[in-house]
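Have a look at the structure below before the remarks.
Derivation of every value follows stated rules applied to the coordinates shown; laboratory data play no part. As the structure is a prediction and not an experimental result, all values here were calculated from the model. Here the Cβ positions follow ideal geometry from the backbone for every residue, glycine too, while neighbour counts run over all protein chains shown.
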Ligand SMILES: NCCC[C@H](NC(=O)CCC(=O)O)C(=O)O
Ligand SMILES: NC(=O)OP(=O)(O)O
């Protein structure tokens, strides 16, 4: 594998899940693989889980991780081609990506969308510029339109906790006060479409995601209907895709409650706002898998790094 920037980079999700489980059982088995190799982690946005679990994954493989908060600490990076750089940006991505490639064998990047300019967000400007101008593999640590490390983690977690052969998995929109990205939902959808699960999405009208991603996955505008016989409920807020980046609904009727969840397991990528997205009674119960998901971030990242290192 050359880069890991999308769920579509996974050739066979079932074999990836089995390999991730093997890594989880014996996390130091490949400690020699990353010897004398450096992983650079570049953050344009905040992180807790991705920042720590990806470093831990690198350490488990014997790699040396180095981390930088790009926004604020590095020089402002210019992405435009042919720009007269007489404004606020001091360094072009052409040099920046080439320079970081001198120090790192793999570069991992987090860069959220603007949520203002749909065309720019969908062009994946930052991730694609790193792919173009870096000379080493790129890992997506959540970009404008995808969070494939999270999607792989979620597929692994569902495989671990499924009690039936073809579980019913529901992705549910939930309320939030801020405009949030579509990335986590997109990668979860793409991962579920590759799995042997009964998968449905539920969201209010006006909140349908990109049809090029949802494809033929059923979308319910009635949450109660969608939750019937669910084995897993994955909650996530996203801002409107149709009315791009807007928060047109904060209706607490869509909050996930213990009563709605029934016997299903609850999943969320975290961070989660308690009693806005989901009530305490869910997060504080045995139905919640959020900590197990966070733990699996390490093994998903370790699998991705292992595959990249093997192909260096
Ligand atoms: N990496 C996991 C999710 C990151 C981001 N959440 C957030 O920005 C939450 C911020 C807040 O609750 O204020 C998202 O939805 O894509
Ligand atoms: N789930 C996730 O990506 O968390 P962070 O934003 O804290 O990295």
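Across segment 1-106, the relative contact order, built from alpha-carbon pairs under 8 Å that are at least six residues apart, equals 26 percent. In the chain, helices alone account for a calculated mean residue ellipticity at 222 nm of -10500 deg cm²/dmol, with every DSSP H run of four or more residues adding -39,500 (n - 2.57).
Taking other C-beta atoms within 10 angstrom as a stand-in for reagent exposure, 133, 161, 234, 4 fall in the order 161, 133, 4, 234, fewest first. Counting every C-alpha pair in segment 39-78, the share spaced more than 11 angstrom apart comes to 64%. Computed from the alpha carbon positions, the gyration tensor of the chain leads to an equivalent ellipsoid with semi-axes of 32, 25, 16 Å, biggest first. Extension gain, residue 224-residue 258: 0.36 nm per intervening residue step, less the Cα-Cα distance, totals 11.0 nm. Histogrammed with a bin width of 10 Å, the alpha carbon distances of segment 150-293 distribute as 12, 48, 36, 4 percent, first bin at zero.
Per residue, the average separation of C-alpha pairs within less than 8 Å and at least 6 apart gives the chain a relative contact order of 20 percent.
Working note: Cα atoms of segment 7-151, range along each principal axis, descending, whole Å: 53, 32, 26.
Cα centroids of segment 115-165 and segment 191-206: 17 Å apart.
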